[in-house]
Amino acid sequence: MRAAAVLGGMGVALALALAWFVLREPVPRVPEFTAVRGAHRSSDTWILDRHGELLQEVRTDLTTRRLAWVGLPEMSPALLTAVLASEDRLFYTHGGVDGQAMAGATIRWLTGGGRRGASTISMQVATFLAPGLRRQGGPRSLARKWRQMRTAWALEAHWSKAEILEVYLNRVTFRGELQGIAAASAVLFGKVPHGLTEPEAAILAALIRAPNAGRESLARRAWAVREAVWGRSGREEITALAARVTDTPRGQGPRVTLASHAAGRVLAEAPPSRSGGPIRTTLDLGVQRVAAEVLMQHLLAVRESRVQDGAVLVADNASGEVLAYVGGSGSLSSASQVDGVRARRQAGSTLKPFLYGLALERRLLTPASLLEDTPLDVPVAGGVYRPRNYDEHFRGLLTVRTALAGSVNVPAVRTLSLVGLDVFVSHLEQLGFTGLTESGEFYGPSLALGSADVSLWELVNAYRSLANQGRWSALRMTSDAHDPTAREAYSEATAFLLSSILADRESRSGTFGLENPLATRFWTAVKTGTSKDMRDNWCVGYSRRYTVGVWVGNFSGEPMRDVSGVTGAAPIWLELMAYLHRHAPSPPPSLPAGVVVQAVRFPRGVEPDRPEWFLAGTASTGPSPRPLGVHPTILVPVGGTLIAIDPDIPAARQRVVFEARVGDGATRWVLDGMDLGTARGRFLWQPTPGMHTLSLMDGEGRSIETVTFEVRGM
């Protein structure tokens, strides 16, 4: 009797306390179900290709693992049955609070018989929606429990039972970081929620009550659920599933990784509201997969040549949409996180088309103009720059067409001196090369041979402008990306001339041979490049529809060994072009307005006579084009040279060489006003200390060129 009186008194006190809370607090406001569902954000972002196929999973929320929202009809009936039996048997009959369970829990609490919770699914959803209702350590307070109950009643008044259950299963934590049925079924069982079986459903229902349970405890709980719901346990199957679940790592990386570098770029450029969920890109899963596989296969083939890294970029010419973005060689690389598409490396000869394009556009040269490929000394700060060709040979006179198609170095340096360093730097900036932040003097004449650092992204788009009749526009990787800065980089006529040269198999044969990885069975224009000390190897080219760029090398900067443009990047480029055009033709571009053809005869058989394309008004009217640079000039010494007399060598044994390139006319040396004689051949002069002025004079006594130099010593 005494105990009953005590319990009765406590019950009265509890009732009075509840009444006080009812009168004190306003009725809770609950959000709309559609707002809760719309606010759901996945912890993962799915990078999709242009057709909606999954390319890459990216974890963008590291606090929890939460996947896409799952509607109730998309969940297994076995799961719904198991969860309701385990968590809230009277879910469809109570109004948000299970009075019977609440009374039993209260009695157990008052009599010290344990504190098993009596929260319904509706009350747990109320806690999800109002974080202030969660217990922050210590026992639950009476006030917090009452607010939870009132919020559950409000939910029941505004939402359907199906909506409450749907929110619950998308928000409840199953194990570790796994929140929601989508993440739990995907990570623990590798399937979507509608495919869950009875044993799997029993395991998941048991995890809700005990998310950190060990293997044996989880198996016992799941046996009990299955026996209570379906009258059978299937203990062996459930035991195996419990072992699998408890052995699954709590935090797992992405399951699909076909475009990791591209995904990183897309996320970096996407607004924050786009993270968590699907992002559709312009990439093509098939092209992306083939590009990655081809890159891997060819890098394995040249592994002994100290090559372990590479990158590939494929773009659609007309739209600028990126179809494949392979930023690295994956497991072959020692720096797999580096994005080879965006990393800046020395360009090598891949900048030459833009240099010659500028000279053609300004009508300084034509494809038939003759250039000298002879030893060249260019004065630079601190010394003399002497460009050399890849094969260490000089060819004498050759045309612009042959010099560009064959990637001959010295004529390119001569062309740069004709165009101007600052002018060329400015032109490269207009083509989208954003890394050239210094003046032309900083880069010097070696800029003609690609001494500047560029990215594969920039190179591919610059070549794409040639494929698009000289029009430059930005590349894009998402369908909603838009850049209004399209501009004319070259006239359509100049772009046609450059394309005809880069597609000329015969003109490049002197360097690469007729049969090489640059020769396709359909129309393409292509250029290779290798940087200093063989650290970077490029191949970039285009067909009528696609532009493909390939880089191979080492992110560490280690030089490769015996890898050239046609043995490193070019075979990869060739195979990708063949794949892209397996069903698509690529005819040559049509002749644009402003381009004319004329037969050309070259002097002394420099090159075979042939028809040549010209910008209208630039065609040669004489029997042959005039050679560029074939005029008398001083080769040695270079202006500004400092010469030191060696005191350990007898003065009579020390000589300075004067050397000039002379034409057919008479030329003479004049040093400090004194005639030294004819300038043909080398002239050896015994040096004397002081400043000296050396002039090259023509037959009529007129100065052709003058340099000054200094001699020190003695």
So the check is Cβ under 6 Å with 6+ separation or different chains; which pairs have a first residue in segment 590-606 that's surrounded by fewer than 13 Cβ atoms within 10 Å (Cβ to Cβ) and a second one that's at pLDDT 95 or above and not hydrophobic (A, V, I, L, M, F, W, C)? none
Among (1) farther than 18 Å from SER185 by Cα; (2) without any contact (Cβ under 8 Å) to a residue 40 or more places away in the chain; (3) in a helix (DSSP H, G or I), the one test that PRO73 misses: (1)
Selection from segment 186-199 of residues that are assigned to a helix (DSSP H, G or I), within 14 Å of GLY234 (Cβ to Cβ) and touching a residue at least 60 places away in the same chain (Cβ under 8 Å): GLU198
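Go through the residues of segment 324-333 one by one and say whether even a single one is free of Cβ contacts under 8 Å to residues at least 12 places away in the same chain and assigned by TED's automatic domain parsing to the domain that holds ALA405. Spell out how you get there, then give the answer.
Keep residues of segment 324-333 that are free of Cβ contacts under 8 Å to residues at least 12 places away in the same chain, which gives 331.
Pick out the ones that are also assigned by TED's automatic domain parsing to the domain that holds ALA405 and you get 331.
The answer is yes; a qualifying residue exists.
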Determine, yes or no, whether ALA118 is crowded, with 17+ Cβ neighbours inside 10 Å, at pLDDT below 70 and under 19 Å from LYS161 (Cβ atoms). yes
Condition broken by ALA222, with the remaining ones in (1) of a type in the set (A, V, I, L, M, F, W, C); (2) in contact with an Asp or Glu (Cβ under 7 Å, 6 or more places away or on another chain); (3) surrounded by 18 or more Cβ atoms within 10 Å (Cβ to Cβ) satisfied: (2)
Tabulated pairs, segment 697-714, first within 15 Å of GLY639 (Cα to Cα), second β-branched (Val, Ile, Thr), C-beta under 6 angstrom, 6+ apart or interchain: GLU705/THR633; GLU705/ILE634; VAL707/ILE634; THR708/THR693; PHE709/THR641; VAL711/ILE643
Where in segment 362-446 are the strands (runs of 3 or more DSSP E), entirely inside, with at least 3 residues that are closer than 25 Å to PRO637 by Cβ? 370-373, 378-380, 383-385
Within segment 460-511, restricting attention to residues that are under 21 Å from the mean Cα position of the chain (by Cα) and within 25 Å of THR399 (Cβ to Cβ), which residue is surrounded by the most Cβ atoms within 10 Å (Cβ to Cβ)? TYR463
Kindly state which strands (runs of 3 or more DSSP E) lie completely within segment 526-625 and contain at least 2 residues that are closer than 27 Å to VAL314 by Cα and within 24 Å of the chain's Cα centre (by Cα). 536-542, 546-553
Only one of (1) modelled with pLDDT under 95; (2) out of contact with any strand residue (DSSP E or B) (no Cβ under 8 Å at 6 or more places or on another chain); (3) on the phi < 0 side of the Ramachandran plot fails for ARG289. Which number is that? (1)
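Here's the yes/no breakdown for (1) among the aliphatic types (A, V, I, L, M); (2) out of contact with any Gly (no Cβ under 7 Å at 6 or more places or on another chain); (3) surrounded by fewer than 16 Cβ atoms within 10 Å (Cβ to Cβ):
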| residue | (1), (2), (3) |
| --- | --- |
| LEU518 | yes, yes, no |
| ARG535 | no, no, no |
| GLY541 | no, yes, no |
| PRO571 | no, yes, no |
| GLU575 | no, yes, no |
All but one of (1) touching a strand residue (DSSP E or B) at 6+ places or on another chain (Cβ under 8 Å); (2) in a loop (DSSP other than H, G, I, E, B) hold for THR485, so report the exception by its number. (1)
Report, by residue number, each residue of segment 632-650 that is in a strand (DSSP E or B) and either among the aliphatic types (A, V, I, L, M) or in contact with a Pro (Cβ under 6 Å, 6 or more places away or on another chain) (or both). ILE634, LEU635, VAL636, LEU642, ILE643, ALA644
Only one of these is touching a residue at least 40 places away in the same chain (Cβ under 8 Å) and under 28 Å from ALA311 (Cα atoms): ALA359, ALA405. Name it. ALA405
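Tally up the residues in segment 385-394 that are touching a residue at least 24 places away in the same chain (Cβ under 8 Å) and among the basic types (Lys, Arg), please.
So the count comes out to 0.
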What residue, of SER333, SER319, SER349, is more than 26 Å from ARG487 (Cβ to Cβ) and over 10 Å from the mean Cα position of the chain (by Cα)? SER333
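The values are calculated or read from the model by the stated rules, or taken from the named source; none is laboratory data. What you see is a predicted model; the values in this text were computed from it and never measured. Backbone-built Cβ (ideal geometry, glycine too); neighbour counts: all protein chains shown.
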